[in-house]
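Chemist: Got a structure here, written out as structure tokens. Questions coming.
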Amino acid sequence: MASSSCYNSPCAACKFLRRKCLPGCIFAPYFPPEEPHKFANVHKIFGASNVTKLLNEVLPEQREDAVNTLAYEAEARVRDPVYGCVSAITFLQRQVELLEKELDAAKADLMRYTHQEEIIGSSSVHDNMALNRRMGYDHHEGGYFPYSSSSWNDQNPCGRGNI
């Protein structure tokens, strides 16, 4: 919890509101003089009287969290007046969805490769080549590569070329 000495310098809220910072000021512990933008944003979005009411209604041990939440939302509203922090939350949810899809794809690849190695380890070289052809790979220059357009056309029953 930040604190402000009312004798040295008024808290950011009292300084912004141009009033004397009295001992017991409800804003002083949460809006130190070295963070004037914090209160300015909160005041701009919520208003000083609403913040005062809120701080008086919550338990003293919850006030710091309440102020931090108000400050976060106020800063987000200053940057994005319409959506505020919802735009950041939405962006992060989309990122999580994309990462989950990538993780699922990586797990599927791992399962496929693990299964393929189990089969390869228990079969002959001839069987391995047949398995790779069934899986869409062709033996070429000492390695297995996805079908080239010529080998795909040989395998494609429709004769339409690459799909």
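The values are calculated or read from the model by the stated rules, or taken from the named source; none is laboratory data. Bear in mind the structure is a predicted one, so any value in this text is a computation, not a measurement. Note: ideal-geometry Cβ built from the backbone for every residue, glycine included; neighbour counts use all protein chains shown. For the accessible areas, the whole protein counts, side chains as well, though only heavy atoms, and no ligand, DNA or RNA atoms are used. Shrake-Rupley method; radii C 1.70, N 1.55, O 1.52, S 1.80 Å.
Chemist: For I119, what accessible surface area do you get with a 1.4 Å probe? Give it in Å², rounded to 10.
Modeler: 60
Chemist: What are the ³J(HN,Hα) couplings of the stretch 26-31, residue after residue, when phi is run through the Karplus curve with 6.51, -1.76, 1.60 and θ = phi - 60°? Round to Hz, x for glycine and proline.
Modeler: Going residue by residue, I get 5, 7, 3, x, 10, 10 Hz, with x marking Gly and Pro.
Chemist: Residue separation times 0.36 nm, minus the C-alpha to C-alpha distance between L54 and E118: what's the value? Please list the in-between numbers first.
Modeler: Values: separation 64, 0.36 × 64 = 23.04 nm, distance 6.35 nm.
Result: 16.7 nm gained on full extension.
Chemist: Once you have the Cα-Cα distance between E35 and A105, take 0.36 nm times their residue separation minus that, and quote the gain in nm to one decimal.
Modeler: Details: separation 70, 0.36 × 70 = 25.20 nm, distance 4.60 nm.
Once the chain is fully extended between E35 and A105, it gains 20.6 nm.
Chemist: Just to verify a number: FRET efficiency for F91 and R18, C-beta to C-beta distance, R0 = 41 Å, to 0.05?
Modeler: Numbers: r = 38 Å, r/R0 = 0.93.
Once the sixth-power term is evaluated, E becomes 0.60.
Chemist: Straight-line reach only, C-alpha to C-alpha below 29 angstrom: list the lysines that K38 could link to, leaving out same-chain residues fewer than 8 apart.
Modeler: K15, K20, K53
Chemist: Taking a 1.4 Å probe, which of Y113, Y72 shows the most accessible area, and what order do the others take after it?
Modeler: Values: Y113 105, Y72 130 Å².
So the residues, ranked largest to smallest area, are Y72, Y113.
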